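Asks: A single structure is presented below for examination.
The values are calculated or read from the model by the stated rules, or taken from the named source; none is laboratory data. Just so you know, these numbers come straight off a predicted model, no measurement behind them. Cβ placement follows ideal geometry from the backbone for every residue including glycine, while neighbour counts extend to all protein chains displayed. Surface accessibility is based on the protein's heavy atoms, side chains included, excluding ligands, DNA and RNA. Shrake-Rupley method; radii C 1.70, N 1.55, O 1.52, S 1.80 Å.
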Amino acid sequence: MRLLIECTFVFEHPWMHTGIQRVVRNVLGHLPADPEIECIPIILRGNALRQVIDIPPTTGERRWLSRLNTLCHRISGIPNRVLDRLERMPVLRDASSARRWMPRLRRIAQACARLPLRLFPAFTTRFIDGNHSKPLAPRTGDVLVLLDSSWNAANFALVEQCKRQGMQIVAVVYDLIPLTHPQFCDAHLARVFQEWFAWLSRQADGFMCISQFVRDEARRELAQRAPGYRPWLSHFYLGADLDRSDAADEARPQIRRMCAERPVYLMVSTIEPRKNHAYLLDAFDLLWARGVDVSLCFIGRVGWKCERTMKRAKNHAERDRRLFLFHDADDSELEYCYRHARSLVFPSFVEGFGLPLVEAMERGLPVMASDIPVFHEICEGFAAYFDLNDPASLAKLVSDYTRSGTFPAAMPIEAWDWPQWPALTAQFVHRIVSETRAASTDTSRGTPRPAAP
């Protein structure tokens with residue numbers, strides 16, 4: 001059996017090393033050597049698959065191609081958005097003539113808007129693909145695994161073509177937050193993601209999720225969107241390796257000084273509403289007002305819908321004294337912080353997994369996390385949990401830890417044991433193979449809706 005492991009976004013954005021990109025790189029780097037299972041990294045390019053020889057280097061890359069790619073995809077979505085608004089206008093909605101010509105206008109506009117997407121692969125192949133990928137001939141019975149953020153690739157027609165040629169389609173789902181909590185997301189991402197998942201509910205033969213929590217959410221969403229279709233659903237967990245942390249003792253003087261002066265409580269994530277950084281500022285304002293001498297450090301790039309939080313943090317009286325912001329820390333500096341901080345504090349409203357929690361605990365750094373189901377699934381009794389509705393509950397955990405020196409979790413961090421990427425990737429591959437083979441012999445499963453002609 002051949003598993004074609006899709007990594008298009010990472011291939012096109014080799015300089016990105018966060019979130020999903022980190023997971024994709026680690027899976028590709030630890031694919032198991034099994035004579036019965038051939039795992040082939042591939043990218044989706046135009047109307048063909050290409051086998052990845054290696055990921056392009058992070059230096060000298062042509063980032064303008066990435067920006068052009070993004071622009072092409074956004075242009076392709078403009079006609080639908082404009083025509084959707086027109087169809088909602090009463091003067092057009094109620095006109096019989098408009099109902100007749102609107103579908104024709106939509107088809108013409110979509111064809112024109114998709115022209116850049118059809119031309120782009122030629123440019124991409126010329127400037128990026130040539131030395132790092134080669135054509136791949138698909139075979140009936142292949143399994144196409146959409147491991148990367150495939151909603152960014154938006155190459156639905158090629159995937160449907162693969163399905164018509166006899167391939168099984170497996171989608172990796174990291175979370176369903178753009179569906180379940182769209183208020184936390186960029187509007188464009190929410191729209192694209194909803195279109196992607198609606199398409200998957202018609203095309204995917206199976207789903208691999210990164211936690212049982214996400215698997216159960218996906219099952220509920222599929223039951224609502226495609227009640228007659230029963231794809232298989234499974235899950236795997238993520239590893240804790242930092243893929244570029246070659247020098248764990250290397251960090252800029254400011255980070256070293258921060259860690260040496262007083263206990264540091266660390267938050268690692270993009271700054272965006274779902275991550276709830278404002279809650280940490282509330283909790284540590286309480287601590288500082290009570291005279292608890294600890295530091296709070298945010299590591300992560302600035303994201304979206306965070307202007308108020310960023311203004312508050314930048315103008316805070318404790319800025320660069322007991323409140324620190326590092327938006328450009330590399331893996332070595334992150335590794336240094338994990339190994340020298342007092343605790344990770346993670347107040348997310350919702351997550352699919354929570355990779356920084358595992359990264360921290362794998363390095364012996366205890367975790368204080370929001371009291372949500374997925375964190376209990378991943379961390380069990382090894383973490384201390386606080387109430388998202390009450391910043392004082394986190395302040396109490398920190399205060400008690402400072403006073404007693406005993407971390408307030410049910411189980412000691414020393415007993416924590418988490419599998420490494422080689423074992424987790426082997427689990428990922430073998431579960432896909434097992435589920436795919438079982439589905440092929442299970443006649444009780446629903447049949448996917450056919451691909452569009």
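Asks: Where in the stretch 339-435 are there helices (runs of 4 or more DSSP H), lying wholly inside it, with at least 1 residues that are of a type in the set (Ser, Thr, Tyr)?
Replies: 391-404
Asks: Picking from Tyr265, Tyr279, which residue would you name as being assigned to a strand (DSSP E or B), touching a residue at least 60 places away in the same chain (Cβ under 8 Å) and not small (Gly, Ala, Ser)?
Replies: Tyr265
Asks: Shifting gears a bit: Consider the stretch 206-218. How many of its residues are over 13 Å from Ala171 (Cα atoms) and of a type in the set (Lys, Arg)?
Replies: Residues flagged as over 13 Å from Ala171 (Cα atoms) and of a type in the set (Lys, Arg) within the stretch 206-218 amount to 0.
Asks: Select from the stretch 145-154 the residues that are open to solvent by less than 30 Å² (accessible area, probe 1.4 Å), more than 15 Å from Arg202 (Cβ to Cβ) and not small (Gly, Ala, Ser) and list them in ascending order.
Replies: If the condition is that a residue be open to solvent by less than 30 Å² (accessible area, probe 1.4 Å), more than 15 Å from Arg202 (Cβ to Cβ) and not small (Gly, Ala, Ser), then Val145, Leu147, Asp148 are the ones that fit.
Asks: Arg312 - would you say it is under 25 Å from the mean Cα position of the chain (by Cα), farther than 23 Å from Ser211 by Cβ, basic (Lys, Arg) and assigned to a helix (DSSP H, G or I)?
Replies: no
Asks: Which residues, counting only those in the stretch 269-301, are among the small types (Gly, Ala, Ser), farther than 16 Å from Asp320 by Cα and modelled with pLDDT of 95 or more?
Replies: Listed by number, the residues that qualify are Ala278, Ala283, Ala289, Gly291.
Asks: Does Ala190 meet the test of being in contact with a Pro (Cβ under 9 Å, 6 or more places away or on another chain), assigned to a helix (DSSP H, G or I) and at pLDDT below 95?
Replies: yes
Asks: Here is a follow-up. Restricting attention to the stretch 304-319, and to residues there that are modelled with pLDDT of 95 or more and loosely packed, with under 10 Cβ neighbours inside 10 Å, which single residue is farthest from Pro273 (Cα to Cα)?
Replies: Step by step, filter the stretch 304-319, then rank; the result is Ala317.
Asks: Within the stretch 199-219, does at least one residue satisfy the condition of being open to solvent by 20 Å² or more (accessible area, probe 1.4 Å), modelled with pLDDT under 95 and more than 17 Å from Ala439 (Cα to Cα)?
Replies: Within the stretch 199-219, not a single residue is open to solvent by 20 Å² or more (accessible area, probe 1.4 Å), modelled with pLDDT under 95 and more than 17 Å from Ala439 (Cα to Cα).
Asks: Follow-up. Here are some residues: Ile55, Ile37, Ile42. Which one is more than 18 Å from the chain's Cα centre (by Cα) and more than 14 Å from Asp148 (Cβ to Cβ)?
Replies: Being more than 18 Å from the chain's Cα centre (by Cα) and more than 14 Å from Asp148 (Cβ to Cβ) holds for just one of Ile55, Ile37, Ile42, which is Ile37.
Asks: Another one. Residue by residue through the stretch 138-167, note down the ones that are outside any helix (DSSP H, G or I), under 23 Å from the mean Cα position of the chain (by Cα) and modelled with pLDDT of 90 or more.
Replies: Correct list: Val143, Leu144, Val145, Leu146, Leu147, Asp148.
This table checks each residue for (1) more than 23 Å from the chain's Cα centre (by Cα); (2) more than 14 Å from Phe346 (Cβ to Cβ).
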{"residue": "His376", "(1), (2)": "no, no"}
{"residue": "Ala384", "(1), (2)": "yes, no"}
{"residue": "Leu388", "(1), (2)": "no, no"}
{"residue": "Gly405", "(1), (2)": "yes, yes"}
{"residue": "Ala410", "(1), (2)": "yes, yes"}
{"residue": "Trp416", "(1), (2)": "yes, yes"}
{"residue": "Gln420", "(1), (2)": "no, yes"}
{"residue": "Ala426", "(1), (2)": "no, yes"}
{"residue": "Arg431", "(1), (2)": "no, yes"}
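Asks: Restricting the search to the stretch 360-382, which residues are within 15 Å of Trp418 (Cα to Cα), touching a Ser or Thr at 6+ places or on another chain (Cβ under 9 Å) and among the charged types (D, E, K, R)?
Replies: Listed by number, the list holds a single entry, Glu377.
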